[in-house]
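The values are calculated or read from the model by the stated rules, or taken from the named source; none is laboratory data. Because the structure is a prediction, the values reported are computed rather than measured. No Cβ is skipped: glycine too gets one built from the backbone with ideal geometry, and neighbour counts run over all protein chains shown. The protein model used for the area step is the full one, side chains on, heavy atoms only, and it has no ligands, DNA or RNA in it. Shrake-Rupley method; radii C 1.70, N 1.55, O 1.52, S 1.80 Å.
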Amino acid sequence: MRASMRLGLLGTSAALIATALGATAAQAEDGGSGDITIDKVVVNGGKPVVVGTTNVVSAKVSVTASDDSGIAETTYISAFGPNPNYAQIWADDGDITCVKVSATTSTCSGTLTFDPQASTGFVNNAAAATWNLGTLVSANDLDYIHRDAATTFKVQRYSKLTVNASPEPVKKGKTVTVTGKLSRANWEDNEYHGYTNQSVKLQFRKKNSSTYTTVKTIKSNSTGNLKTTVTASTDGYYRYSFAGTATTPPVNAAGDFVDVQ
């Protein structure tokens, strides 16, 4: 078994793993024995796991549990999205480390990996969703607890946003045309495609200021492109700002400076 199973294992591979290692979190029912409790579960510092088209993304998971006899180990940590997307780590592989907080409480940690270009890879863009984080924890007195959804977290498609303001320079009172594009990762072809029909704010920051203010809100077109006009008044930076959606994180374009003469 590899140290950290890649996202998207499916079909025969998943069946073989389940046979070799026993029921996975997806197959097991919530249950347990004794007075052991799971007190806290944190995935990726509480932030969504954002995956692009190339780089492997690592997400730290910590499970804090308590029992009057002390915690022996966290046997596995499993993350499950829309079938068949999942990732797992196992104590038997040495990939889950438990640290005592007190005589009765320990925090066990491991790292899930999400690879958009693994041979089994993301099956499709439906993986951008709310995932369940399951775990099995055992105590020194053999008490145990299993939760199929000890917590939830989001997996999102990495987003990009560009901006270009022209002409540069421009005379005061003349029209500035601001174009750009909102795009996001597509896990079916590992390319970036325009994110259509999304509300995006055009913002402006005066030269020597650190604060952007919203000028207007427009929508991306059928290819994710953005275009609008404003009247030039003073030197400053234009940018587009996207607030994000459930499947796509927020993103700001780098400001484009316009010299007003």
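Numbers at a glance
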item	result
Cross-link partners of residue 60 among lysines (Cα-Cα below 19 Å; sequence separation of 8 or more within a chain)	40, 47, 100, 154
Computed over the range 44-171, Cα set: Rg, Dmax in Å	19.4, 78
Estimated FRET transfer efficiency when R0 is 22 angstrom, pair residue 55-residue 93 (beta carbons, to 0.05)	0.45
Tilt relative to the chain, helix 11-21 - C-alpha long axis, 0 to 90 degrees, to 10	40
Accessible area in square angstrom per residue, the range 134-234, 1.4 angstrom probe	53
Alpha-carbon Debye profile of the range 72-125, log10 I(q)/I(0) at 0.22 Å⁻¹	-0.85
Estimated Rh, the chain: Kirkwood, alpha-carbon pairs, angstrom	20.9
Derived scalar couplings ³J(HN,Hα) [the range 66-77; Karplus, 6.51 cos²θ - 1.76 cosθ + 1.60; whole Hz; x for Gly, Pro]	9, 7, 5, 9, x, 8, 7, 6, 9, 5, 8, 10
Stretch gain in nm, segment residue 215-residue 186, where the contour uses 0.36 nm per residue and the Cα spacing is subtracted	7.4 nm
Cα-Cα separations in the range 214-261 greater than 18 Å, expressed as whole percent	39
Estimated inter-spin distance, residue 234 and residue 37, nm [label 7 Å along Cα→Cβ]	5.7
Extended-chain gain in nm, criterion 0.36 nm per residue less alpha-carbon gap, residue 223 and residue 199	7.3 nm
The range 169-261: relative contact order as a whole-number percent, Cα under 8 Å and 6+ apart	34
